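Single-structure report; data block below.
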Amino acid sequence: MKLSSVIGAAALSGSVYAASYDTIPDIKVYGQHFFYTNNGSQFYMKGVAYQENFSPNGSASTNVTYTDPLSSKSNCARDIPFMKKIFTNVIRVYAIDPTVDHDDCMELLAANDIYVVADLSEPSTSINSDDPVWNLPLYERYTSVVDSLQKYNNVIGFFAGNEVVEKANQTAASAFVKAAVRDTKAYIKAQGYRDTLGVGYATADVPSRDQLAHYFACEPIDGTDTTIDFWGYNVYSWCGFSNYVASSYGERVQFFSDYPVPVFFAEYGCNEGIPGGPTHRPFTEVAVLYGNMTEVFSGGIVYQWFQSENNFGLVQIEDDEVKPEPDYTSLMSQLAKISPTSTASSAYTPTNSAPACPTTDSSWLPVASPLPPAVNADLCNCAMSSITCTIDSDDATSYGAEFDYICGLDDAKYCVGIAHNATTGDYGAYAGCSPKQQLAWVANQYYEAQDSTNQASACDFDGLAKTQSPKTTGSCSSLLEAAGTDGSGSVGEPTGAASSSSSAASPNGLSVPGFFNFGQTFFVAYVLTALVSGVGMLVL
């Protein structure tokens, strides 16, 4: 505890460590490795997952809350000294609140040479494995996290998704994550943020892992930038006193030997079958990860810091004091012995190239191109101004029945503009708009198709809709023309930031009917899901 007091007090001294996140050298991606920008030496991750009471996955739920781990100066001051004892130089955070200040924690971390990789989603706003979309509410969440953290030099980058694909029938969700990678990278560039900020994906150790790795690193269209900047691998195959062969570490090294971007363990630390119990992990994999794997892997991040019901925690927090578990000491001992080979960026010439995109089959559903359209807030707002029949209700639970009705008519012709089918590559121009905006669009399509005798009652939809005087101003004409009268056109990528007001009170986690992902089957359960859970998630 004395160590905590000494280091914590020093790190908290503003006169000693003022704005150290401004002066710490940022980390850059160059070929298959990470490097310090100030001297070109290689950076290996020796990290820990730092998020309390949180289990990330590819679902969306409005019932899950989270605590921003970078928002409490006192917690960071309490924990960082103990992180340094286990040689930590990076933490992974799964959900932060972009509306709060992170200066204190980020300064403390930088003062102790600790970097951050942050996931962009949060429990109620994330790409859903079973009902994936990439739309304005998600885009606004992702870019707000970028805005919040981009000024800190000790932020390495962001994950656009974590284990979104866990089952064979979820691979189509990859297209929406890759669209998120593309749009987040474009946003960073458009805002003039530093070019060392990377965007990646963290995969589970699933049967489709090789296809996932190739898909996110391939570039099917020249002149675009849709590839990840780094690849995180959540792997728990080395349990207890396993070895290089039995754990399949050797196979992973061979597979990624020609990968074009850095690869690291975004989570590791199996706690099954451990003599003495799950808190006694020996971490014998550390010697291998930082030994004969370093030509391919850039280290890893242990799961996790805080003890919880899953028994992965390295420490207990009791009465605001840190109580290390036995495996904390094991990890410290193992990391103290490593001496990974370092390559200087000046002596390194990348030779690996992007892999070919995986072909579609029964085990891989999404086509390589096109991806879901870039989220374009201007287009969505223009469409809302230009229509006569619009949605007047923010009651998200009532949207499902109206989507179900309108999109079930005449082979879904009124819903072409909101289609998002990753297996065929068919996307409507308005696929990236919020659910409320999309419902307004399809309601107007239906309304406009009615003859004069029916129009008077065609814009009601159980009291959700109303008529308005349409307006088309400024650049809206060209955007709407490109989108087409039925919304099947293609609109160029936006150049500006999305307005936070453009989501039109979009419900967290609610998407348009899932049949637009996997064909045009009549979707009768959508409203029931919305009513029961508040989100548009179904197991397909």
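The values are calculated or read from the model by the stated rules, or taken from the named source; none is laboratory data. Note that this is a predicted model, so its numbers are computed, not measured. As a convention, Cβ positions derive from the backbone with ideal geometry for all residues, glycine included, and neighbour counts pool all protein chains shown. The protein model used for the area step is the full one, side chains on, heavy atoms only, and it has no ligands, DNA or RNA in it. Shrake-Rupley method; radii C 1.70, N 1.55, O 1.52, S 1.80 Å.
Which percent, nearest 5, of DSSP beta bridges in segment 58-172 are antiparallel? All intermediate terms of the calculation are to be shown ahead of the outcome.
Values: 1 of 9 bridges.
Around 10 percent of the beta bridges assigned by DSSP in segment 58-172 are antiparallel ones.
The length gained on full extension between Ser477 and Ile317, counted as 0.36 nm times the residue separation minus their Cα-Cα distance, comes to 51.8 nm. Sequence-distant contacts, meaning Cα pairs under 8 Å at least 6 residues apart, place the relative contact order of the chain at 17 percent.
To the nearest 20 Debye, how big is the dipole of the chain about its Cα centre, given +1 on the beta carbon of each Lys and Arg and -1 on that of each Asp and Glu? Please report the intermediate quantities before stating the final value.
Working: 25 positive and 57 negative charges, 270 e Å.
That gives a dipole near 1300 debye.
Available extension along the chain between Gln450 and Glu493 is 12.2 nm, counting 0.36 nm per residue and deducting the alpha carbon span. Accessible area ranking (1.4 Å probe, heavy atoms, ligands and nucleic acids excluded), largest first, for Asp205, Asp79, Asp378: Asp378, Asp205, Asp79. Rounded to the nearest 20, the Cβ-based charge dipole of segment 361-438 about its Cα centre (Lys and Arg +1, Asp and Glu -1) stands at 200 debye.
Placing unit charges on each Cβ (+1 for Lys and Arg, -1 for Asp and Glu) gives the chain a dipole about its Cα centre, and among Ala440, Ser457, Asn135 the Cα reaching farthest toward its positive end belongs to Asn135.
Between the amide H of Asp426 and those of Asn421, distances stay under 5 Å, these residues lying 5 or more places away or on another chain, with hydrogens modeled in the peptide plane. Heavy-atom accessible surface of Glu493, to the nearest 10 Å², is about 110 Å², with a 1.4 Å probe and all protein chains retained. Quick note on segment 79-132: its Rg to Rh ratio, both from C-alpha atoms and Rh being the Kirkwood radius, is 1.09.
Of all alpha-carbon pairs in segment 240-305, indicate the percentage at a distance above 14 angstrom. Write out the running numbers ahead of the final one.
Working: 1262 of 2145 pairs.
Result for the distance tail: 59 percent.
Figure legend: label point modelled 7 angstrom from the Cα of Ser74 along Cα→Cβ; residues of segment 284-321 with amide N under 14 Å from it are 318-321. Karplus-based coupling profile of segment 448-460, in residue order and whole Hz: 5, 7, 7, 6, 4, 6, 9, 5, 4, 10, 7, 10, 10, with θ = phi - 60° in 6.51 cos²θ - 1.76 cosθ + 1.60 and x standing for Gly or Pro.
For Thr65, the solvent-accessible surface with a 1.4 Å probe is about 110 Å², rounded to the nearest 10. Within segment 225-381, DSSP assigns beta bridges of which about 40% are antiparallel (rounded to the nearest 5). The string of couplings for segment 404-413 from the Karplus curve (6.51, -1.76, 1.60, θ = phi - 60°) is 4, 5, 5, 6, x, 8, 6, 6, 6, 5 Hz, one whole number per residue in order, with x for Gly and Pro. Accessible surface area normalised per residue over the chain is 38 Å², counting heavy atoms of protein chains with a 1.4 Å rolling probe. Taking each residue as 0.36 nm, the span from Lys167 to Thr99 lengthens on full extension beyond its C-alpha to C-alpha distance by 21.1 nm.
Placing R0 at 35 angstrom, the Cβ-Cβ distance between Ser308 and Ser339 gives a FRET efficiency of 0.60 after rounding to 0.05. Placing a label point 7 Å from the Cα of Asn53 along the Cα-to-Cβ direction, the residues of segment 313-327 whose backbone N falls under 15 Å of that point are 317-320. Couplings 3J(HN,Hα) for segment 372-381, derived from phi with the Karplus relation 6.51 cos²θ - 1.76 cosθ + 1.60 (θ = phi - 60°), are x, x, 4, 5, 10, 4, 4, 4, 4, 5 Hz, where x marks Gly and Pro. For the cross-link pairs Lys28/Lys185; Lys413/Lys436; Lys151/Lys436; Lys46/Lys85; Lys28/Lys189, the ones whose C-alpha atoms lie over 21 Å apart are Lys151/Lys436. Panel note: the C-alpha atoms of segment 347-422, placed on their principal axes, show extents of 61, 33, 22 Å (largest first). Take 390-397, 149-156, 285-292 and order them by the average number of nearby Cβ atoms within 10 Å per residue, most first; the result is 149-156, 285-292, 390-397. What the Cβ-Cβ distance of Lys189 and Thr485 gives, at R0 = 30 Å and to the nearest 0.05, is a FRET efficiency of 0.40.
Protein heavy-atom surface of the chain, 1.4 angstrom probe: 49% of the accessible area is carbon and sulfur, with nucleic acids and ligands not counted.
For segment 351-506, a simple Cβ point-charge model (Lys and Arg +1, Asp and Glu -1, everything else neutral) yields a dipole of about 400 debye relative to the Cα centre. Helix 173-190 axis versus longest C-alpha principal axis of the chain: approximately 80°, rounded to the nearest ten.
Which percent, to the nearest 5, of DSSP beta bridges fully inside the chain are antiparallel?
Numbers: 17 of 49 bridges.
Within the chain, antiparallel bridges account for around 35 percent of the total.
Against the chain, whose longest principal axis is taken from its Cα atoms, helix 326-336 shows a tilt of about 70°.
These residues, Thr196, Thr23, Thr360, go from largest to smallest accessible area, 1.4 Å probe, as Thr23, Thr360, Thr196. Considering all C-alpha pairs of segment 292-332, those separated by over 16 Å amount to 45%. Both radii are taken from the alpha-carbon atoms of the chain; with Rh as the Kirkwood radius, Rg/Rh is 1.00.
Summarising the label geometry, the points placed 7 Å from Cα in the beta-carbon direction at Asp222 and Lys84 lie 5.2 nm from one another.
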